[in-house]
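Report on the following structure.
The values are calculated or read from the model by the stated rules, or taken from the named source; none is laboratory data. In this text, all values refer to a predicted model and were calculated from it rather than measured experimentally. Counting neighbours? That spans all protein chains shown, and the Cβs are built from the backbone with ideal geometry, glycine included. Ligands, DNA and RNA are stripped out before the accessible areas are found, and what is left, the full protein with its side chains, is counted by its heavy atoms. Shrake-Rupley method; radii C 1.70, N 1.55, O 1.52, S 1.80 Å.
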Amino acid sequence: MRRMVWSLMSVAALALAGCNGSNAPGQGAPNATAATKANTVTGTINVRGDNTLSPEAKLVVNLVDVSSTGQAGAAPLASKTIAPVQLPASFELNFNPADVNPADLYVIQAQLTDGERNYKMALQAPVLTKGAPTQVSIELVPEQTAAEKEMAEFQAVQKQIGGMKISNGTKLEKDVSRAWQVFRANGAVQFIRARADYGDKGFTSTDFAYKDGQPWVVVQQKKASQDAKPTSTERAGWDKDGNLVLKQVVADGKTSALADDEAASLKKQAEDILSMATGGKGK
């Protein structure tokens, strides 16, 4: 009987010791709630479509809090600038986990600039909180440049001139023969299509667009003669403040910057033909 009682007491003691060993604070397996917080966000960035960049391209990647109740507008938790840029570009942002509020929303913001071209994110890239990952893949989309916006708007107006009121005119000068069509809408000149024949010195075909009576966009083709193919096409355009934002010349299949004096010459031509076609009234 004593042997049986001793054996049962021994078993109970061992079981109690086992329970104390597994449940005692600071002993045995780590607590599941003590998981290590992330302190790094990584990812890759690429561009939709043609991802060819110039050596001057610069990429800025920020980790920011965009919560309406958080630190929106505050300095980023981490930031990195990459220049020059090779796509796809990889990044790693290190931050202090203590700065992260689990109730806030954090995103990666990527800004890529290459000359006049800006690229924006196609989708938001949340990270860290609310089940978001610590690794993201970001696609950037090219935005229109100021020059491209001007040309797109100009071409839209160009398509509408058939519905405008049209008048015609000609003028024979010593060295040049001119002809033009004036397109009006709401009592104002919107567009003038002009031809100038300089004889042996060549021929120009020019579209002049106006806003509020001022030159807006000029596109001029230069040819050896009226029926010849264009040797060059010059484009110039000005914003509402008169700043030159479109300045291009296309020749031999290549596009380059139009010189400022050439752009000024096109603007002067736009002013002259407007005065000539309207008898100095400008409308």
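Candidates Val189, Pro88, Tyr106 compared by Cα position along the dipole of region 84-214: farthest toward the positive end lies Val189, with charges placed on Cβ.
Against the criterion of solvent-accessible heavy-atom surface with a 1.4 angstrom probe, Leu87, Leu172, Leu140 sort, most first, into Leu172, Leu87, Leu140.
Using a cutoff of 8 angstrom between alpha carbon atoms and counting only pairs six or more residues apart, the relative contact order for region 112-171 works out to 29 percent.
Looking at this model, which pairs from Lys165/Lys267; Lys254/Lys283; Lys149/Lys254; Lys247/Lys281 are more than 32 angstrom apart at the alpha-carbon? Pairs exceeding 32 Å: Lys254/Lys283. Entry note, region 179-281: relative contact order of 17 percent, from Cα contacts under 8 Å with a spacing of 6+ residues. The GluC sites (Glu not before Pro) of region 233-283 include none that meets both criteria, a DSSP state outside H, G, I, E and B (loop) and at most 15 other C-beta atoms within 10 angstrom of the site's C-beta.
At the residue level, Ile192 shows approximately 0 square angstrom of accessible surface with a 1.4 angstrom probe and all protein chains present.
Ranking Thr134, Thr278 from most to least accessible surface, computed with a 1.4 Å probe over the protein chains only, gives Thr134, Thr278. Straight Cα distances below 26 angstrom link Lys80 to the lysines Lys37, Lys58, Lys120, Lys130, with same-chain residues fewer than 8 positions distant left out. Only protein heavy atoms count here; under a 1.4 Å probe, Thr206 has an accessible surface of about 10 Å². Loop-located trypsin sites (Lys or Arg not before Pro) in region 172-232 (DSSP state other than H, G, I, E, B) with a sparse environment of at most 13 neighbouring Cβ atoms within 10 Å: Lys174. Separation of region 231-278 and region 146-211, taken as the distance between their Cα centroids, equals 13 angstrom. By accessible area, using a 1.4 Å probe on protein heavy atoms only, region 42-180 has 47% of its surface on carbon and sulfur.
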